[in-house]
1. Test each condition in (1) of a type outside the set (K, R); (2) surrounded by 13 or more Cβ atoms within 10 Å (Cβ to Cβ); (3) more than 26 Å from the chain's Cα centre (by Cα) for V326 and report the one that comes out false.
2. Residue under question is G271, and the condition is that it be within 20 Å of Y206 (Cα to Cα), buried (at least 21 other Cβ atoms within 10 Å of the Cβ) and touching a Pro at 6+ places or on another chain (Cβ under 9 Å); does it hold?
3. Does Y383 satisfy the criteria of being of a type in the set (S, T, Y), modelled with pLDDT of 90 or more and on the phi < 0 side of the Ramachandran plot?
4. Outside any strand (DSSP E or B) and more than 27 Å from V181 (Cβ to Cβ): is that true of P71 in this structure?
5. If you check every pair at least six apart or on different chains, which have Cβ atoms under 6 Å apart with a residue in the range 85-112 that is on the phi > 0 side of the Ramachandran plot first and a residue that is surrounded by fewer than 16 Cβ atoms within 10 Å (Cβ to Cβ) and at pLDDT below 95 second?
6. Within the bounds of the range 148-161, is there any residue that is crowded, with 20+ Cβ neighbours inside 10 Å and within 22 Å of the chain's Cα centre (by Cα)?
7. Going by what's in this entry, would D124 be described as modelled with pLDDT of 95 or more, surrounded by fewer than 21 Cβ atoms within 10 Å (Cβ to Cβ) and of a type in the set (D, E)?
Amino acid sequence: MSNKIFFTIVLILFTTITNAQPEWYVQNSGTNSFLFDVHFVDENTGWVCGHLSTILYTSDGGNNWNDLNPPLSNDYNGIYFVNQTEGWVLGYNGIIRHTTDGGTSWNTQNTPIQYQKSDLYFVDANTGWTVGGKPRTFTDPIREILHTTDGGNNWVVQYSGNNEDPLGAVYFLNENYGWAVGSMSAIMKTTDGGNNWTTQMSGNGYQFEDVHFVNPDTGWVVGEDLSVQHYAVIFKTVDGGVNWSIQTFGSGDALAEVQFVNENTGWVVGGNNTAAIILYTSDGGTNWISQTPNTTNLLSAVYFIDENNGWAVGFDGTIIHTDNAVPVELEQSSPTEFSLNQNYPNPFNPSTTIQYSIPESGNVKLVVYNSIGKEVAILTNRYKVAGIYKVNFDAAGLSSGIYYYKLTSNNFSEVKKMVLLK
C-alpha cells in the first residue's frame, strides 16, 4: 500500500459500542519511521515497510521486530510475501526488490517504466501485478499496470493510460480476476489476468485508496468523497463491480485500507493527525463498529491472517495487534488462580467462545490442535495482565471432529476437548 495522501482533520463519525470489545495493543517496532504496509504469511511470520528504507521482520507474531537493514530507497511503499522466504517490496522511483531468504538480502528487479509504484499483489511465486503511475502534479499524468509471470525477473506493461491519474491499490482473487483502484474514482477490473482491463467507475468524485474482494461478486473499496472535504466512504458490490453502493460514510479523513477474511467479517483502518480509526463489521458491512486502537497515530494498513489475528501499522513506527481476546469486567476481585473453562457452546458450529483466567501477568498462549495433535490455530500468544479473558474460535475452515485447546502461562498448562459438528 502506498503512503497515501490523506489524514488531515477530524474523527470519523461511525457507530460505537459501549460493551467490552477485542483488545488492540501496541507492539514495539523499534523505529519512528512512518510505516506504510504490513503483510503476514502465518500467525508468527510477518513484515512491515515504510519511510527511510524501513523493513522490519518478526518470527513471533510481533512480540519482537527486527530491522532487516535493506538497501536504501528513501521509502518502501508496499510489501508482499507468498511464503516465509519469498517476497517483494516497492521502493522509491518505481524500484521493485525481491528476496528469497525472508528479507536478509534483496535483489533489484528491472521494470520497463520507472514511475512511482503504489501497490503490488501476487497470487503465487510467479504471478503478480503492480500498479502506480505519474501523478497529476506533473504534466500529463500516467496510469500504469505491470505484470510478471516469472516472479518479477521480467515485468511487462499491461496497461498504460495517458492523462489518467495513477492507481493506488490492486487486488487479485486468482490468476484471472482482479481489480485496481485509484484517483479520479478509478475502479478497473480484469477477468483474464490483466490482458484486458475494463473501467467500472471513473470521474471527479472519489479518491479510492484500497480494494478487497472475497469472491468474484463481493467486494469493497474505501477512500474519500472529494466533493465534500475529507468525507470518508466505503463502497460495496455484490455483482462483481457492475454496481457499487455506499455502505457507510462520515466526516473525517480518507480511509486507508480494507480487508475481509470472509463475506461477513472485515476491518477498515485510517485516521488523521490526532487519532487512529479502526472499523469492524461482522455482517458484510451493513453495520460498522468503531474499535479502540489504543494509539492516537493514524493507521495506513491492516492485515488479518484469520478472524482472530490481525495487525495494523502507521505513523511514528506504530504497530498494533489483536488476537480478538475480550477482557471480562470483574465485579469484585481479580482471579486468584489459573483456569481454563470449557468452551461454549460445545458441540459448536462453526464458532465457540473460550474463557480463561490468569491471576498474574505474563505471556499467555492458547492453541487449538486437531485429534492427531497438529496445531490448527493460535488464538493468543502474547503478554497479558492478570484478569479474565474471552476469545472466539471460528472453525469455519475445519472439518467436523474432536479438537483440543491448550492454555499455557507461566508454570500453568491445561488442555480441554471440544467437538465441532457441521
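The values are calculated or read from the model by the stated rules, or taken from the named source; none is laboratory data. Because the structure is predicted, anything quoted here is derived from the model rather than measured. Cβ: placed from backbone, ideal geometry, glycine included. Neighbour counts: every protein chain shown.
1. The single condition V326 does not satisfy is (3).
2. Here the answer is yes, as G271 does meet what is asked.
3. Here the answer is no, as Y383 does not meet what is asked.
4. yes
5. Listed pairs, sorted by first residue: N93/Q114; G94/Q114.
6. Scanning the range 148-161 turns up no residue that is crowded, with 20+ Cβ neighbours inside 10 Å and within 22 Å of the chain's Cα centre (by Cα).
7. Against the criterion (modelled with pLDDT of 95 or more, surrounded by fewer than 21 Cβ atoms within 10 Å (Cβ to Cβ) and of a type in the set (D, E)), D124 qualifies.
For (1) surrounded by fewer than 22 Cβ atoms within 10 Å (Cβ to Cβ); (2) of a type in the set (S, T, N, Q), each residue gets a yes or a no:
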position: W65; (1), (2): yes, no
position: N69; (1), (2): yes, yes
position: L72; (1), (2): yes, no
position: Y76; (1), (2): no, no
position: Q84; (1), (2): yes, yes
position: G87; (1), (2): no, no
position: G91; (1), (2): no, no
position: R97; (1), (2): no, no
position: G102; (1), (2): yes, no
